[in-house]
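Trainee: Pasting in a structure now, in structure tokens, and then I'll have a few things to ask.
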Amino acid sequence: MSKAKQLKLGAFMRPVSIHTGAWRYPGALPDANFNFPALKKFIQKLEQGKFDAFFMADHLALLNMPINALKRSHTVTSFEPFTLLSALASVTENIGLVATASTTYDAPFHIARRFASLDHISGGRAGWNIVTTANPHAALNFGLKEEVEHDERYARAREFYDVVTGLWDSFADDAFIQDVESGIYFDPDKFHVLAHQGKYLSVRGPLNIARPVQGWPVIVQAGASEAGRQLAAETAEVVFAAATNLESGKAFFADIKKRARAIGRDPDSIKILPGALVIVGETLADARAKRAHLDSLVHYDSGIASLNSALGYDVSDFDPDGPLPEIPETNAGRSSRERVITMAQKENLTIRQLAQHVGSYGGLAFVGTPQTIADEMEQWLIEEGSDGFNVMFPFLPEGLNDFVDQVVPELQRRGIFRKEYEGKTLRENLGLARPANRFFETATASVS
């Protein structure tokens, strides 16, 4: 009998809860985003629950919203990802450490070096979440007058990926012979000068650090636009999807796997993990009451600002009790925009209702008992809506503890989630191959 399919679980931890009202919930830590002792306890609890990865999103500017909304946001202060994850690597042993790094506002040599360092420091647990960054205020922080056009960002990202992965392959795995007698530290025949000259980037190389433990840190990507999906199919090993229901999840899952197959990739080499807010209760009524209380903590100022941000268009001057107007194409990220517009049309929501929904959390949510949540997750896995989930907690620490202490044992009882880690590296635990070095035959791919 073949082994049952296994869920893969990441934890979305920056902000520690994506819900705007999370920091105000009774018993929550208001400063959790910027509280290192608390974050250390959170990641150790996640490792106790055998999570695959701790995922730290990042922003290169404050959220682009009016001050009346921004003053209510718990995201205005948080740690820089590499600094935090390097510190957390020293207090964990198995859980993956995934950081966001922008291909629009950083240099590929910096990115390659930081992730290689994190992979060595953690013993092979680093993951790179590739983002193109859709925030006009970020552009202003990096010397630009306006953000780079959407498709241009993705074109640059594709070249950026090639450069970073090429830099990771600068040295063969066995280049560092460290022969004390001869005084030869590395074999000069086993390092490669990249000498990349492209449309967007010029990078000589080589990278001045040994090849990462995993060969390459795990490549993570999100995005629902045409350009984003194609980039994911070509480069990603984990895709953080934005499905709102099983039907849309299955469509996205099938599309990414089909695109991968079309370019010669093994579809199983890409893990699809939709983001999912999970609220656990003793009963369904208890869980729903927690969600209602949480949503009630979101001020309208925050709601309308979150809606405008998601749409990339200001609807504040329209009748709040009227329908959403036609939204023109913008240069903002398209995933959230399309999701919100579809929701408004399907559910016939007013701007006020939509703002409350988006300002709270408008994406996929599992709200119920440990058994009903496990039922839903198992259905997504069996029906190929996902390979697992990037779990978002409603408030910390209670929401995280509820999931690890109650939902994880139920998933384990059903045989669809690990009781022990499969290996020491993030690739081993995700079941991903270690990539061969493109320049040296000494490094061969192996499947965990």
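The values are calculated or read from the model by the stated rules, or taken from the named source; none is laboratory data. Remember, it's a predicted structure, so these values are computed and weren't measured experimentally. Glycine gets a Cβ as well: all are built from the backbone with ideal geometry, and neighbour counts include every protein chain shown. When the accessible area is computed, the model is the full protein with side chains, heavy atoms only, and any ligands, DNA or RNA have been set aside. Shrake-Rupley method; radii C 1.70, N 1.55, O 1.52, S 1.80 Å.
Trainee: When the accessible area of region 223-306 is computed with all protein chains present and a 1.4 Å probe, what percentage of it is carbon and sulfur?
Mentor: That share works out to 53 percent.
Trainee: For Phe142, project a label point 7 Å along Cα to C-beta. Then give me every residue of region 44-71 with its amide nitrogen under 11 Å of that point.
Mentor: Within reach of a label on Phe142: 60-61.
Trainee: Any idea of Arg156's accessible area? Nearest 10 Å², probe 1.4 Å.
Mentor: For Arg156, solvent-accessible area is about 50 Å².
Trainee: Starting from the Cα of Gln371, step 7 Å toward the Cβ, then list every residue of region 265-308 with an amide N under 19 Å from that point.
Mentor: 279-289
Trainee: Helix-derived [θ] at 222 nm for the chain: sum -39500 (n - 2.57) over DSSP H runs of at least 4, divide by residue count, nearest 500?
Mentor: -11500 deg cm²/dmol
Trainee: Going from most exposed to least, what order do Ile67, Ile130, Ile177, Ile18 have by accessible area with a 1.4 Å probe?
Mentor: The residues order as Ile67, Ile177, Ile18, Ile130, largest area first.
Trainee: What net charge is computed for the residues neighbouring Gly359, neighbours being all others with C-beta under 12 Å from the C-beta of Gly359, Lys and Arg scored +1, Asp and Glu -1?
Mentor: Local charge sum for Gly359: 0.
Trainee: Sticking with this one: Show me, for region 361-374, the HN-Hα J-couplings you get by feeding each phi into the Karplus relation (A = 6.51, B = -1.76, C = 1.60, θ = phi - 60°), rounded to Hz, glycine and proline as x.
Mentor: Per-residue couplings from phi come out as 5, x, x, 4, 9, 10, 10, x, 8, x, 5, 5, 5, 5 Hz.
Trainee: Around Lys271, which amide H atoms from residues at least 5 apart in sequence, or from another chain, sit under 5 Å from its own amide H, with H modelled in the peptide plane?
Mentor: When sequence neighbours closer than 5 places are left aside, the close amide H contacts are Val238, Val239.
Trainee: Scan region 1-88 for trypsin sites (Lys or Arg not before Pro) in coil per DSSP, keeping those whose Cβ has at most 15 other Cβ atoms within 10 Å, and list them by number.
Mentor: Here the trypsin sites (Lys or Arg not before Pro) that fit, given the DSSP loop and packing criteria, are Lys3, Lys5, Lys71.
Trainee: Quick check on my link table: of Lys5/Lys271; Lys8/Lys250; Lys5/Lys290; Lys199/Lys271; Lys257/Lys346; Lys8/Lys419, which ones sit more than 22 Å apart, alpha carbon to alpha carbon?
Mentor: Pairs exceeding 22 Å: Lys5/Lys290; Lys199/Lys271; Lys257/Lys346.
Trainee: Working from the alpha-carbon coordinates of region 1-138, get Rg over Rh, Rh being the Kirkwood radius.
Mentor: Result for region 1-138 is an Rg/Rh of 1.00.
Trainee: Okay, next question. On a 0 to 90 degree scale, rounded to 10, what angle separates helix 351-360 from the longest Cα axis of the chain?
Mentor: 50 degrees
Trainee: How big is region 359-448 by the Kirkwood estimate over distinct Cα pairs, in Å?
Mentor: 15.7 Å
Trainee: Which far-off residues, 5 or more places away or on another chain, put their amide H under 5 Å from the one on Ala101, with H placed in the peptide plane?
Mentor: Amide H neighbours of Ala101: Asn129, Val131.
Trainee: Between the alpha-carbon centers of region 77-117 and region 381-445, tell me the distance in whole angstrom.
Mentor: One Cα centre to the other: 19 Å.
Trainee: Next question, about the same structure. Using θ = phi - 60° and the Karplus curve 6.51 cos²θ - 1.76 cosθ + 1.60, what whole-Hz ³J(HN,Hα) does each residue of region 96-105 get, with Gly and Pro shown as x?
Mentor: Karplus values, whole Hz, x for Gly and Pro: x, 10, 10, 10, 7, 9, 8, 7, 8, 10.
Trainee: How large is the accessible surface per residue of the chain, computed with a 1.4 Å probe and reported in Å² as a whole number?
Mentor: It amounts to 43 Å² per residue over the chain.
Trainee: Rounding to the nearest 10 and keeping the result within 0 to 90°, find how far the Cα-based axis of helix 36-48 lies from the longest principal axis of the chain.
Mentor: 80 degrees
Trainee: Working with all protein chains in place, sort Leu324, Leu62 by solvent-accessible area computed with a 1.4 Å probe, largest first.
Mentor: The ordering from most to least exposed comes out as Leu62, Leu324.
Trainee: What stretch of the chain, leaving out the sites themselves, is the longest with no GluC sites (Glu not before Pro) in a DSSP loop having at most 13 other Cβ atoms within 10 Å?
Mentor: It runs 182-281.
Trainee: In whole percent, and with a 1.4 Å probe on the protein chains, what portion of the accessible area of region 158-211 is carbon and sulfur?
Mentor: 52 percent
Trainee: Right, another one. What is the set of long-range amide H partners of Phe366 at a cut-off below 5 Å, with H atoms built 1.01 Å from backbone N?
Mentor: Excluding prolines and chain starts, which carry no amide H, the hits are Leu277, Val278, Ile279.
Trainee: Among the trypsin sites (Lys or Arg not before Pro) within region 373-438, which fall in a DSSP loop and have no more than 16 other Cβ atoms within 10 Å of their own Cβ?
Mentor: Arg414, Lys419, Lys424, Arg438
Trainee: When the convex hull of the C-alpha atoms of region 296-397 is computed, what volume per residue in Å³ does it have?
Mentor: Value for region 296-397: 138 Å³ per residue.
Trainee: Report, in degrees rounded to the nearest 10, the 0 to 90 angle that the Cα long axis of helix 300-311 makes with the longest principal axis of the chain.
Mentor: 50 degrees
Trainee: Using the Karplus curve 6.51 cos²θ - 1.76 cosθ + 1.60 with θ = phi - 60°, what ³J(HN,Hα) values do you get for each residue of region 284-294, in whole Hz, with x for Gly and Pro?
Mentor: Each residue's phi maps through the Karplus curve to give 4, 5, 5, 5, 5, 5, 4, 5, 4, 5, 4 Hz.
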